[in-house]
1. What is the spin-label model distance, in nm, from residue 92 to residue 303 if the labels are put 7 Å beyond Cα along the C-beta direction?
2. Express in nm, to one decimal, how much length is gained between residue 273 and residue 40 on full extension, taking 0.36 nm for each residue of separation and deducting their alpha carbon distance.
3. Quick one: compute the contact order of the chain, relative version, from alpha carbon pairs under 8 angstrom and 6+ residues apart, as a percent.
4. Anyone know which of 259, 31, 14 comes out most mobile in the 10 Å Cα GNM of the chain?
5. Over the chain, one equal point on each Cα, no solvent: what is log10 I(q)/I(0) by the Debye formula at q = 0.08, 0.09, 0.14 Å⁻¹?
6. Compute the length gained on full extension between residue 239 and residue 214: take 0.36 nm times their separation in residues and subtract their Cα-Cα distance, giving the result in nm to one decimal.
7. Rounded, prolate or oblate: pick one for region 212-262, where a ≥ b ≥ c are the square roots of the eigenvalues of its C-alpha gyration tensor, a/c under 1.5 means rounded, and failing that, prolate if a/b is larger than b/c, else oblate.
8. Can you tell me how region 1-55 classifies by the Cα gyration tensor, rounded, prolate or oblate, using a/c under 1.5 as the rounded cut?
């Protein structure tokens, strides 16, 4: 069953991320020209989509806790197909926006967080390896879908491209989710009482024995959200930032091209060493690498070599951060209520994702230079590192078995 889930999710995550998240970077100019949208309006709709995702995520997590992931994720695929169809047929910007609002709910039901919650319910002791394998595949989404989307755009136009995406969700993702995810709630973890707690691992008794987990979860959520804020900012503004330091566009693109492979390399390293490294350590390394990357970014200037060092640190940290977001809550709190917890984390993660590009652009618009803005990103990375460290200190002080 574990192999079946990993196989199915490896495919469905590439399609979900590729069609609902990455494709807009390729299709955006054609959509703007057809619907008469400004660049600000186009990406404002993207932010609205991520806002819908964040608002829906906790409810989706609770649904998976209650019923398992089969119905939720299959329904999410059907909703994604509907959203892509509405977008493809949209006669104006209002209908187009409505399609993306449906898409935001579909993303809440089909991207990493519901996948992690579903894997958590059905993979038992294999959860960590299964999660890492799925994120390895998901990391290929842009690699697969950017050229695919470009080819579809040239052959069918942007509307035809979304029609193909609808078919992929309807005839690939939906049946794969129904086939691979077992019916029912999967394995459940009993809440240990005082006697059971004597022999339980700390991870299994945290939620039952102390009020402190609420604080741990808040600090973890803050750390993950701040890390995603940096990631979303880099996605939109990295090329401009590097060029402002004196790099040519070609050099800036070369630096950016290092990030994706390093994300995969970081996840592959976790897969190979996972049995020997605690999940909490993976999170510490991820936040530490992001902090180091922002420190190096301050020193990049026009140096291509220093830029590549930045990209290596940032890419590896960003790749590990996705794994940490799925693993650390499971290790600290156990399986009971995992979907609801990761849904609450996802709410703030995707709200940060939605706000980051606009917030950073506003910072630049207020007269802050690109060079000075990097110090702001360094401060955010330092806060993310500190928040994660605080969460681990609180977790360490929880009652031991």
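The numbers here are math on the coordinates, done by the rules we state, and not lab data. Note that the structure is a prediction, hence the values are computed from the model and not measured. No Cβ is skipped: glycine too gets one built from the backbone with ideal geometry, and neighbour counts run over all protein chains shown.
1. Reported label-point gap for residue 92 and residue 303 is 5.5 nm.
2. Numbers: separation 233, 0.36 × 233 = 83.88 nm, distance 4.32 nm.
So the chain would gain 79.6 nm between residue 273 and residue 40.
3. Numbers: 636 pairs, mean separation 107.7, N = 401.
27 percent.
4. Evaluated over the chain, the most mobile residue of the options is 31.
5. Computed log10 I(q)/I(0) values: -0.41, -0.52, -1.28.
6. Values: separation 25, 0.36 × 25 = 9.00 nm, distance 3.87 nm.
Here the answer is 5.1 nm.
7. Details: a/c = 5.39, a/b = 2.94, b/c = 1.83.
Verdict is prolate for region 212-262.
8. Values: a/c = 5.44, a/b = 2.20, b/c = 2.47.
Taking the square roots of the gyration eigenvalues as a ≥ b ≥ c, region 1-55 is oblate.
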